[in-house]
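Enquirer: Here it is, the structure in full.
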Amino acid sequence: MSDLIRSQVDGHHALSVVPDLSETLPAPIREGIARRRLVATGHPCPCGAAPIRLNRTHRRRIAAQRRTGTTTPVVRLAVVHEDDCPAADDVLNALATRHGLTPTRWT
Ligand SMILES: [Zn+2]
């Protein structure tokens with residue numbers, strides 16, 4: 001399961017999809033998910049991954065979508081964690097395998 005976290009990114013409403021922080025998950029996986037949730041709420045990860053920011057391409061895409069007026073602007077943003085961070089996809093998948101869980105998409 002996943003949770004939705006509402007926040008602001010550079011003055012725009014943002015909605016982050018993050019894994020559920022289930023009590024039943026092993027502690028190392030919980031740590032990775034907690035780090036993802038930390039960044040989604042505007043805080044840096046202990047590995048140094050910074051909260052999401054919009055770049056020029058994102059801002060242009062949002063402006064173009066607003067001009068058409070057909071929908072709420074949507075851009076997909078990703079946080080890049082260090083390779084050894086428990087929040088990184090590869091680390092989370094390895095941890096899941098080690099604990100007998102099915103690796104998944106950790107969004
Ligand atoms: Zn990290």
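Enquirer: So what is the relative contact order for the chain, in percent, with contacts set as C-alpha pairs under 8 Å and at least six apart?
Expert: Worked out over the chain, it gives 24 percent.
Enquirer: A further question follows. Tell me the volume per residue, in Å³, of the convex hull enclosing the alpha carbons of the stretch 40-79. Mind showing how you got there, number by number?
Expert: Values: hull volume 2.6 nm³, N = 40.
Each residue corresponds to 66 Å³ of Cα convex hull volume.
Enquirer: What FRET efficiency comes out for His13 versus Arg98 if R0 is 22 angstrom and r is the Cβ-Cβ distance? Round to the nearest 0.05.
Expert: My answer for the efficiency is 0.05.
Enquirer: If packing is taken as the mean number of other Cβ atoms within 10 Å per residue, what is the order of 73-83, 29-39, highest first?
Expert: Going by the mean number of other Cβ atoms within 10 Å, highest first, we get 29-39, 73-83.
Enquirer: Something else: Of the options Gly11, Pro46, Gln65, report the single residue whose Cα projects farthest towards the positive end of the charge dipole of the chain (beta-carbon charges: Lys, Arg +1; Asp, Glu -1).
Expert: Highest projection toward the positive end goes to Gln65.
Enquirer: Per 0.36 nm of contour for each residue apart, how much would the distance between Ala27 and Ala50 grow if the chain were fully extended, relative to their Cα-Cα spacing?
Expert: Contour length minus Cα-Cα distance gives 6.0 nm.
Enquirer: Ok, one more. In the stretch 2-98, if every C-alpha pair distance is counted and binned at 5 Å from zero, what percent goes to each bin?
Expert: Calculated P(r), rounded to whole percents: 2, 13, 21, 21, 17, 11, 8, 5, 2, 0.
A short reminder: the numbers here are calculations on the coordinates, not readings from a lab. Because the structure is predicted, anything quoted here is derived from the model rather than measured. As a convention, Cβ positions derive from the backbone with ideal geometry for all residues, glycine included, and neighbour counts pool all protein chains shown.
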